[in-house]
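Remarks on the structure that follows.
The values are calculated or read from the model by the stated rules, or taken from the named source; none is laboratory data. What you see is a predicted model; the values in this text were computed from it and never measured. Note that each Cβ is placed from the backbone with ideal geometry, even for glycine, and that neighbours are counted across all protein chains shown.
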Amino acid sequence: MHSESSPERFGMRPIRAYATRRRLHRFAIFTSLWIFALIFLGGMVKSTNSGLSVPDWPNTYGHFMFFFPWKDMVGGIFWEHSHRMVASVAGLLTFALTAFVYLVDDRRWVRRLSMWASVAVLAQGVLGGLTVLLYLPTWVSSSHGTLAQLYLCMVVTIAVATSERWKDDIEPITERPGRSLRRLALATTITIFCQLVIGAVMRHSEAGLAVPDFPTMFGSWVPPLSAARLESANRELIAMDLAPVTMWQMVAHLMHRLGALAVTTMILWTSTVALRRYRDIPVLRRNALMLLALLVVQLTLGILTILTQKQPEITSLHVVTGAATLVTSLILTVRVRYLVASGAAGAPARRDARAGSPRKEMEEAMT
Amino acid sequence: MNSSRSLRLGAWLLPALLLAFALASCGGDSGDDADAKKPLATIDPATAATITGTVTFQGTPPAPKSVRMEADPHCNATPENETPEVTQEVVVNNGRLANVFVYLSDGVKGRYAPTADSVVLDQRGCRYHPHVLGVMVGQRMVVRNSDATLHNIHAAAKINKEFNIAQTQQGQLTDQVFTHTEVMIPVACDVHGWMRSFIGVLSHPFFAVTATDGSFVLKGVPPGTYTLTAWHEKYGTLQQKIEVKERESTAVDFAFKAP
């Protein structure tokens, strides 16, 4: 049995554990912020259509990446090459984070997660290279955008798991009557993730402006899903100096709008439950409020993306805020799942029996 | 499924997915060889005719858009770019539409040997010259960088082999040859987002690009019945059935309308 503040209960080695864990936590936060910057740059690469401005990979115009002359960082090269440089640093940071975790954190699930983060950043690099060498196929580029979100989620989860809050907030709370916040938070995170995947596919299939007005669709409330409506829509797009679209692009765009509705519903539902029934737990209250604030910002940015005809900075901020919304929901999910026991407190869950699982560690800590 | 099995599965699944993506995307040069199987034809000067015409634009053309070249100081400083920049998408002069690719899309019998002369796609002042060009299957196209800055040349071909090449030096030349008929291939420089060009590749020499006065001439056309097509990057295609008689000049006009 460990005392409340003892580092052992978090799987840390006793020696220098507390200070070291704080460093690890800060390092994980720094890496997360770095990945946010990377995602913004990735958004700028797509928004400025700079993805192929550097035709070779992993070199840059024949130069070793880090020796590419600064004077040649012009036009699209600025965004694409910056993205590659920042991504390389993100890779190094992630490898360092994995090593750090293995050195100071004995929790098996955290170690595995850090290892998967390293695998993910490697795969990201390969996908980034493939999409350049294969001339930006929609599915490779979309996978690159999607894996970026998963990679960020892994690093953010490590940051959460190594925080002091992870220790302070472990109280054996029984889930309160009503709709399960554990399930709602998880469902919200999954919904947001699906919406980001749809967003990535829409973006990389050039369907972002398939419908150039909001909230109506070519002035109508009925989606243009018939051949005749599509033809008419394309005439309007051409008149607006926009590219005509296929039915597939139209569907992808409309699915993203529908997804926004689903995400809005889920976030409002989850936040309401959290604020009503777990108001007395500051960390959950803050989390729910943050989620609501991000929803407002994200919806505004989404609308502005359409109304400004995909102004690059606004579009990229929309991508980054989407990532922020996902990780905020993920943090809420993680916190709720380990702060709030499902059903009766202490009821054994199937995976509790697994050695090294977070639930087991928490129960040990609570003993 | 226990966690170690999940991990093992994941460890195999990720590279497998990557490989699948790579294989699925490596379509390569998928054009058919229909052109290659056609008999070789030659132009008979004794019977060859001419098709002439003008492409007009009806309605109000869109206002020219300015191009912001600040992203590359070289482009911004180029003397020919000191005038207000406009895009080359829709160029209308007195109701005449330039940069329209006019070609015989149907009725040509046989294939023609590529012209020995090469065509040049020049990058000058961070623009493509010409904006629209035609080239024969097998004909040499020289891509030239006349700028003191670097460019990438990305030809998003669907039937021919797609390419994305770099030109880092002023005066650099790169040869390209297209192997299949394809109308049109968009060409872009992703370093300078405003640079766009279009290439029409045909197995015969009966094509032209309208000049600034909207006029075009197709020379050496054998007598026969053809479909004449006019293509514009923004306004799509128009077609006419025409009959060309020996040694005569046939006049054909097209009129694109503002949407």
If I ask for residues that are aliphatic (A, V, I, L, M), at pLDDT 90 or above and not in a strand (DSSP E or B), which ones from segment B:87-105 would you list? B:ALA98, B:VAL100
Among the candidates A:SER47, A:SER82, A:SER88, residue that is farther than 29 Å from B:TRP194 by Cβ and either modelled with pLDDT of 95 or more or not assigned by TED's automatic domain parsing to the domain that holds A:ALA200 (or both): A:SER88
So, A:PHE66, is that one within 30 Å of B:GLN169 (Cα to Cα) and in a helix (DSSP H, G or I) or not? yes
Tell me yes or no: at least one residue of segment B:117-129 is of a type in the set (Gly, Ala, Ser), assigned to a strand (DSSP E or B) and away from chain A (no Cβ under 14 Å). no
It is to be established whether one or more residues within segment B:192-207 are within 14 Å of another protein chain (Cβ to nearest Cβ) and of a type in the set (S, T, N, Q). no
Let me spell it out: the conditions are (1) surrounded by fewer than 16 Cβ atoms within 10 Å (Cβ to Cβ); (2) assigned by TED's automatic domain parsing to the domain that holds A:LEU294; (3) under 26 Å from A:VAL327 (Cα atoms), and A:SER226 meets all of them except one. Which number is the exception? (3)
Subset of segment B:186-235, residues in a strand (DSSP E or B), in contact with a Pro (Cβ under 9 Å, 6 or more places away or on another chain) and without any contact (Cβ under 8 Å) to a residue 60 or more places away in the chain, comes to none
Does any residue of segment A:58-66 turn out to be in contact with a Gly (Cβ under 7 Å, 6 or more places away or on another chain), of a type outside the set (D, E, K, R) and at pLDDT 95 or above? no
Go through the residues of segment B:38-53 one by one and say whether even a single one is modelled with pLDDT of 55 or more, of a type in the set (Lys, Arg) and under 30 Å from B:VAL100 (Cβ atoms). yes
If I ask for residues that are touching a Ser or Thr at 6+ places or on another chain (Cβ under 6 Å), free of Cβ contacts under 8 Å to residues at least 60 places away in the same chain and closer than 16 Å to B:ALA155 by Cβ, which ones from segment B:111-132 would you list? B:ASP122
Could you list, in sequence order, the residues of segment A:229-250 that are under 29 Å from the mean Cα position of the chain (by Cα) and buried (at least 18 other Cβ atoms within 10 Å of the Cβ)? A:VAL245, A:GLN249, A:MET250
Filter the helices (runs of 4 or more DSSP H) completely within segment A:102-219 down to those with at least 2 residues that are within 13 Å of another protein chain (Cβ to nearest Cβ). A:108-133, A:138-161
Looking for whichever is part of a strand (DSSP E or B) and either under 29 Å from B:PRO222 (Cα atoms) or free of Cβ contacts under 8 Å to residues at least 40 places away in the same chain (or both) here; the options are B:VAL108, B:VAL135. Which one fits? B:VAL135
Subset of segment B:138-167 [in a loop (DSSP other than H, G, I, E, B) and either at the interface with chain A (Cβ under 9 Å from one of its Cβ atoms) or acidic (Asp, Glu) (or both)]: B:ASP147, B:THR149, B:LEU150, B:ALA156, B:GLU162
Subset of segment A:57-100 [within 14 Å of another protein chain (Cβ to nearest Cβ) and touching a residue at least 60 places away in the same chain (Cβ under 8 Å)]: A:TRP57
Only residues that are over 24 Å from B:ALA251 (Cβ atoms), of a type outside the set (Val, Ile, Thr) and surrounded by fewer than 16 Cβ atoms within 10 Å (Cβ to Cβ): list them for segment B:90-117, please. B:GLY110, B:ALA113, B:ALA116, B:ASP117
Restricting attention to segment A:136-146, does a residue exist that is touching a helix residue (DSSP H, G or I) at 6+ places or on another chain (Cβ under 6 Å) and under 30 Å from A:THR272 (Cβ atoms)? yes
Could you please let me know if B:LYS65 is modelled with pLDDT of 85 or more, basic (Lys, Arg) and surrounded by fewer than 18 Cβ atoms within 10 Å (Cβ to Cβ)? no
Could you please let me know if A:LEU284 is part of a loop (DSSP other than H, G, I, E, B), of a type outside the set (D, E, K, R) and either touching a residue at least 40 places away in the same chain (Cβ under 8 Å) or not assigned by TED's automatic domain parsing to the domain that holds A:PRO212 (or both)? no
Conditions: (1) closer than 22 Å to B:MET69 by Cα; (2) touching a residue at least 12 places away in the same chain (Cβ under 8 Å). B:TYR103 meets all but one. Number of the miss? (1)
